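Got a structure here, written out as structure tokens. Questions coming.
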Amino acid sequence: KTKAIRADSLLRWMKHESSNGNYYLNPNFSSYVAVMISCVRSTRDSTAEEKKRNFDILREVFEEVARHPSIRLANINLRIMMRGCEFLLPGGKERNHHSKAIFEPCKKSGK
């Protein structure tokens, strides 16, 4: 398993435990950022398939933070997503599509 998959599994476990009453395991902003960073940083020797899986995890966590009732997206989340597009996606249409999908709302919000 890649670092990203392990980090995502830990986040999911924390959410599960938190929903079962263990308040101390409730994921916070730092928990989500750690998973996002693990997705981007574990790319050096990754195959194209692993990079795609890491990007999928990165996107899922990013979208989860965006929907979270008490955690707000911050500039760091947006920078990590842009780095993810650069490092995890092959150049071309797919990278451009995802980069624009992140950049345009940022531009409008002033972040």
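The values are calculated or read from the model by the stated rules, or taken from the named source; none is laboratory data. Note that the structure is predicted; figures quoted are calculated from it, not measured. Heads up, the Cβs are rebuilt from the backbone with ideal geometry, glycines too, and the neighbour counts pull from every protein chain shown. We work out accessible area using only protein heavy atoms, side chains counted, and drop any ligands, DNA or RNA first. Shrake-Rupley method; radii C 1.70, N 1.55, O 1.52, S 1.80 Å.
Considering only residues that are under 16 Å from Thr2 (Cα atoms) and among the small types (Gly, Ala, Ser), look in segment 46-88 and name the one that is least open to solvent (accessible area, probe 1.4 Å).
Per the criteria, the residue is Gly84.
Can you confirm whether Asn96 is over 17 Å from Lys1 (Cβ atoms), of a type outside the set (A, V, I, L, M, F, W, C) and over 10 Å from the mean Cα position of the chain (by Cα)?
Answer is yes for this residue.
Among the residues of segment 28-45 satisfying the criterion of being in a helix (DSSP H, G or I) and closer than 16 Å to Thr2 by Cα, which is modelled with the lowest pLDDT?
Arg41
On the given criteria, is Leu10 open to solvent by 80 Å² or more (accessible area, probe 1.4 Å), in contact with a helix residue (DSSP H, G or I) (Cβ under 9 Å, 6 or more places away or on another chain) and aliphatic (A, V, I, L, M)? Reasoning before the result, please.
Working: open to solvent by 80 Å² or more (accessible area, probe 1.4 Å): yes; in contact with a helix residue (DSSP H, G or I) (Cβ under 9 Å, 6 or more places away or on another chain): yes; aliphatic (A, V, I, L, M): yes.
Taking the combined requirement at face value, the residue satisfies it.
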